[in-house]
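K.L.:
Sending over a structure as structure tokens; questions will come in a sec.
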Amino acid sequence: MSAESSAESIGAGSLGADPTPDVGAREVGAPRAGGRPRADGLQPVDQRARALATRLLRTADTGSLATLAGDGYPFASLVTTATDYDGAPVLLLSSLSLHTRALQLDPRCSLLVGQPGPGDPLAHPRLSVIANGARVDRGHRDHRWLRERFLARHPMAARYADFADFDFYRLEIVGARLNGGFANAFAMQPQDLIAPPSDDLPLFAEAVPPLIEWLNSTRLEDMRLIARQLCAQIEGAWRVVGIDPSGIDLKTEDRGTRCEFDPPHVRAAEVSARIEALVVQARERGDCATERLSD
């Protein structure tokens, strides 16, 4: 959907996801050949910057949504967030809220997500997305899978997601600014965050929900192993909250992480085998760590 889209409805199909290895702000800020900032202080966008921006967007549970209120002044609200299969932000909004009424009048908006941590809050990475908010009609094909993806990440929202005054909104990205820490700012384009179309997506969207349910009911120990061994996370009650063609999203009560498929852009018929491959890789790393401890 173009930047001129209104907030009334969305008819465009959802897509795949961009390959984004898990990186941190220090990696993005590392010296690079020919990577001098421009006169405006922005760094050249590279794959590490794209990876960090995508990870921030994919793992965010909340964000600050800024809309243009009727008086012309910006209005910021705390919202819960998820992503579509292609990485576009998805929000569940009530028509009674000021920010929703603002979007209906003017779809232009911005969403800020970040990675909090100890010490100076400005030393941690954050991403500001510039977008147009598009309401997803309840009868549209995308509505069902956006609902499934959002509720997998925010199960408590099931209590009100189907109320008449609530609707899902997809943010059609027109640009973004990534701040990866001091002197590490990047101006990003939609293609840096959003993957190209996939003709396999309807099959993928059918396959994923039962697969997530099965993994969370029978393979939780393997999911915890993936989080610890492949994502360098601490022990916790990790569960799957999303699978897209480029990776798997895991979450505990207070944190989230993401493990990428390599190579990305997995088709529906391949996704189970790819997750099994991640499990094998995690077990091998765990065995190596155990051997090192016993030496």
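The values are calculated or read from the model by the stated rules, or taken from the named source; none is laboratory data. From a predicted model like this one, the values you see are computed outputs, not experimental measurements. Don't worry about glycine lacking a Cβ; one is built from the backbone with ideal geometry, like all the others, and counts go over all protein chains shown. Ligands, DNA and RNA are stripped out before the accessible areas are found, and what is left, the full protein with its side chains, is counted by its heavy atoms. Shrake-Rupley method; radii C 1.70, N 1.55, O 1.52, S 1.80 Å.
K.L.:
Which members of the stretch 73-91 meet the condition of being among the aromatic types (Phe, Trp, Tyr) and in contact with a helix residue (DSSP H, G or I) (Cβ under 7 Å, 6 or more places away or on another chain)?
P.N.:
The first filter runs over the stretch 73-91 and keeps only residues among the aromatic types (Phe, Trp, Tyr), leaving 73, 75, 85.
Matches in the stretch 73-91: 75, 85.
K.L.:
Can you name the residue in the stretch 226-239 that is outside any loop (DSSP other than H, G, I, E, B) and free of Cβ contacts under 8 Å to residues at least 40 places away in the same chain and, of all such residues, is surrounded by the fewest Cβ atoms within 10 Å (Cβ to Cβ)?
P.N.:
239
K.L.:
Looking only at residues that are open to solvent by less than 70 Å² (accessible area, probe 1.4 Å) and acidic (Asp, Glu) in the stretch 246-275, which one is nearest to residue 222 (Cα to Cα)?
P.N.:
249
K.L.:
Inspect all residues belonging to the stretch 120-139 and state whether any of them is at pLDDT 95 or above, touching a His at 6+ places or on another chain (Cβ under 9 Å) and within 16 Å of residue 60 (Cβ to Cβ).
P.N.:
Scanning the stretch 120-139, I find no residue that is at pLDDT 95 or above, touching a His at 6+ places or on another chain (Cβ under 9 Å) and within 16 Å of residue 60 (Cβ to Cβ), so the answer is no.
K.L.:
Determine, yes or no, whether residue 284 is outside any helix (DSSP H, G or I), free of Cβ contacts under 8 Å to residues at least 60 places away in the same chain, open to solvent by 10 Å² or more (accessible area, probe 1.4 Å) and of a type in the set (D, E, K, R).
P.N.:
no
K.L.:
While we're on this one: Considering each residue of the stretch 132-190, count those that are of a type in the set (A, V, I, L, M) and under 14 Å from residue 93 (Cβ atoms), and give that number.
P.N.:
Looking only at that region, the number is 7.
K.L.:
Restricting to the stretch 27-83, name every residue that is assigned to a loop (DSSP other than H, G, I, E, B) and at pLDDT 85 or above.
P.N.:
Hits for the stretch 27-83 are 43, 44, 45, 46, 60, 61, 69, 71, 72, 73.
K.L.:
Hey, another quick one. Do any strands (runs of 3 or more DSSP E) lying entirely in the stretch 99-218 carry at least 1 residues that are open to solvent by 30 Å² or more (accessible area, probe 1.4 Å) and touching a Pro at 6+ places or on another chain (Cβ under 6 Å), and which ones are they?
P.N.:
Output list is empty.
K.L.:
Turning to a different aspect of this structure: Of everything in the stretch 244-280, what is modelled with pLDDT of 95 or more and among the polar types (S, T, N, Q)? Give them in sequence order.
P.N.:
272 - this is the single residue of the stretch 244-280 that is modelled with pLDDT of 95 or more and among the polar types (S, T, N, Q).
K.L.:
Follow-up question, since we're still on this one. Return the total of residues in the stretch 65-88 being among the small types (Gly, Ala, Ser), closer than 13 Å to residue 131 by Cβ and open to solvent by 30 Å² or more (accessible area, probe 1.4 Å).
P.N.:
1
K.L.:
I'd like the full set of residues that are among the β-branched types (Val, Ile, Thr) and over 16 Å from residue 153 (Cα atoms), limited to the stretch 199-232.
P.N.:
Looking only at the stretch 199-232, we keep the residues that are among the β-branched types (Val, Ile, Thr), and these are 208, 212, 218, 226.
Matches in the stretch 199-232: 218, 226.
K.L.:
Here are some conditions: (1) open to solvent by 10 Å² or more (accessible area, probe 1.4 Å); (2) outside any loop (DSSP other than H, G, I, E, B). Residue 223 meets all but one. Which one does it not meet?
P.N.:
(1)
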